[in-house]
1. At 1.4 Å probe radius, can you tell me the per residue accessible area of the range 23-136 in Å²?
2. For residue 50, list long-range residues whose amide hydrogen, built 1.01 Å from N in the peptide plane, is under 5 Å from its own amide hydrogen.
3. Ratio of the range 77-219's C-alpha Rg to 2.2 N^0.38 Å, to two decimals?
4. Which trypsin sites (Lys or Arg not before Pro) from the range 23-121 combine a DSSP loop assignment with at most 15 other Cβ atoms within 10 Å?
5. Over all directions, how big on average is the projection of the convex hull of the alpha-carbon atoms in the range 130-194, in square nanometres?
6. Could you work out what % of the accessible surface of the range 81-168 is carbon and sulfur, using a 1.4 angstrom probe and leaving DNA, RNA and ligands out of the count?
7. State, to one decimal in nm, how far the label point of residue 73 lies from the label point of residue 137, with both points 7 Å from Cα in the Cβ direction.
8. Under a point spin-label approximation (7 Å from Cα along Cα-to-Cβ), what is the residue 157-residue 201 distance to one decimal in nm?
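The values are calculated or read from the model by the stated rules, or taken from the named source; none is laboratory data. Note that this is a predicted model, so its numbers are computed, not measured. Note that each Cβ is placed from the backbone with ideal geometry, even for glycine, and that neighbours are counted across all protein chains shown. To get the accessible areas, we keep the full protein, side chains included, count just its heavy atoms, and leave off ligands, DNA and RNA. Shrake-Rupley method; radii C 1.70, N 1.55, O 1.52, S 1.80 Å.
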Amino acid sequence: MTAVVQAQPQSASAPTGAPCDKPVYLTFDTGHMGIAPLIVDTLKRFDAKATFFLAQEPTMDGGQTLDDKWAPWWKQLAEQGHDFGSHTWYHDAWSADLPDGRFRFKRAAGEQVPQNVVLSASEYCEELKRPARRFLEMTGRPMSMIFRAPAGRTSPALLAAAQACGFRHVGWNPSGFLGDELPSDKFPNQALLEQALRRVKPGDILMAHLGIWSRQDPWAPTVLEPLLQGLKNRGMCFAPLRDHPEYVAWMRKPQEAVALKATSASTSTPTAASGGGTAVPGTKDALRR
């Protein structure tokens, strides 16, 4: 399990000026949503604020994560004081930078068969904006201008394109990779819990999902509840990313996302592409989740 964790992209420095001396930052990407209510109930019991990254993914009830059925749930979450960012609309995981300035992605969510697509910088910008517009429709509140690339895959050119569009990327710490997307037979819940309790340190950004299709033993609340209790016993608390020193200024500036409501959706169609990028060893690579 050490090899899986150590290869994760993105790290974060220890915070200063956060609401407690030893904060950790819980983040959750969308998934099949089967355990989403259990996760939120657990957060409530620990008075824990988290950050959620939203994509339009298939759900166990046959719908989509951002459809009308889930809209009241997201609105309630927003009213509870959590943070929210984009996870791209179609869950597009970067594969390669192309010579003409476009990007190749592997598009897949849930149990969908992956599809290779090519997007220009402007088309990728639209991919980031669509969850923000939908979030505003569902909740009446703007989404923060942050995003998490599916599978954590980025390139300097992709990050530059996103920032030119107004979005800043959020990864996770190596010790914050909680492993809920890994196969249950090789990485049982107890092993994931013990590793997290051993490795997580103050200032870490932690990453998990609102349900992984391929995991047979649900990660939450089986792991989440004792993990939060164990971290709390070590004097840690749970803060949203708006309190993180690397994001506090970015997330507290005037909300650019308000303007997204009036932005027309792009009508351009992604171009099919052959081939794909090389998987990053140990990264969040469960595209058929």
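1. On the way: 3850 Å² over 114 residues.
Per residue, the range 23-136 has 34 Å² of solvent-accessible surface.
2. The answer is 83.
3. Working: Rg = 16.5 Å, N = 143, 2.2 N^0.38 = 14.5 Å.
Dividing the Cα Rg of the range 77-219 by 2.2 N^0.38 Å gives 1.14.
4. Working: sites: 44, 45, 49, 69, 75, 102, 104, 106, 107; in loops: 49, 69, 102.
Sites meeting the loop and neighbour criteria: 69.
5. Computing the convex hull of the Cα atoms and averaging its projections yields 6.4 nm².
6. Numbers: 1410 of 2900 Å².
Ligands and nucleic acids excluded, carbon and sulfur reach 49 percent.
7. My value for the distance between the label points is 1.8 nm.
8. 3.5 nm
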